[in-house]
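What follows is calculated from the coordinates using simple rules that are stated; it is not laboratory data. Being a predicted model, the structure only gives us computed values, none of them experimental. A quick note on method: Cβ atoms are made from the backbone with ideal geometry, for glycine too, and the neighbour counts reach across all protein chains shown.
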Amino acid sequence: MIDVETDVFNYVYPYVSSLVPTGCFKSVYVPEPAKFPFAILMEIDNYTDKKNRSSARNEDYVVLTYEANVYARDRFSARSVMNGISQGMNDLGFTRLSMQSVPNLADSTIYRIVARYTAEVDQNKVVYRRG
């Protein structure tokens with residue numbers, strides 16, 4: 001399996017580190033953030049690109065999808081953090097598929113934005129833009 005999740009997270013972190021409190025940018029779901037704004041960037045899909053598969057290797061390229069969730073007490077803060085994540089993902093070679101405000105059913109005083117990104121990555125961890 002081609003695994004670049006840690007590399008992607010570490011690449012994007014500097015784009016948001018000044019926008020969130022220490023410890024408020026994670027790569028796993030956190031049900032109750034301690035501080036705001038809070039962001040999660042995690043890989044939600046990783047599958048083999050069959051059209052680029054060679055006979056020598058089972059997995060030469062994978063198509064990745066990442067999801068970013070940003071939680072904040074106000075829209076401006078949430079959008080600022082999401083902008084940082086989007087800039088980092090774009091600079092890395094990912095294409096944004098969508099971005100939308102989502103009602104936070106657990107607490108309506110928290111503003112939430114969700115975005116998804118995709119890219120193709122080879123076994124040497126080279127990122128190729130898709131879409």
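Say R0 is 22 Å: what FRET efficiency, to the nearest 0.05, do SER80 and ALA106 get from their beta-carbon distance?
0.50
Of LEU92, ASN104, MET1, which is farthest towards the positive pole of the chain's charge dipole, taken about the Cα centre with +1 and -1 on the beta-carbons of Lys, Arg and Asp, Glu respectively?
ASN104
Any idea what diffusion coefficient the chain gets from Stokes-Einstein, in µm²/s, Kirkwood Rh on alpha carbon pairs, 20 °C, 1.002 mPa s? Each step should come with its number before you reach the end.
On the way: Rh = 15.3 Å.
Calculated translational D: 140 µm²/s.
In nm, what is the difference between 0.36 nm times the number of residues separating ALA34 and SER98 and their Cα-Cα distance? Write out the running numbers ahead of the final one.
Numbers: separation 64, 0.36 × 64 = 23.04 nm, distance 2.70 nm.
Extra length available between ALA34 and SER98 comes to 20.3 nm.
Using Cα atoms only, what is the angle between the long axis of helix 75-92 and the major principal axis of the chain, expressed in degrees (0 to 90) to the nearest 10?
20 degrees
Compute the distance in nm between two label points, each set 7 Å from the Cα along the Cα-to-Cβ direction, one at ASN90 and one at THR48.
Modelled inter-label distance: 3.5 nm.
Within the stretch 1-108, which chymotrypsin sites (Phe, Trp or Tyr not before Pro) sit in a loop by DSSP and count at most 12 neighbouring Cβ atoms inside 10 Å? Intermediate values should be presented prior to the final figure.
Numbers: sites: PHE9, TYR11, TYR15, PHE25, TYR29, PHE38, TYR47, TYR61, TYR66, TYR71, PHE76, PHE94; in loops: TYR29, PHE94.
Answer by residue number: TYR29.
Dipole magnitude of the chain about its Cα centre, charges +1 at Lys/Arg Cβ and -1 at Asp/Glu Cβ only, in debye to the nearest 20?
Working: 15 positive and 15 negative charges, 76 e Å.
The dipole magnitude comes to about 360 debye.
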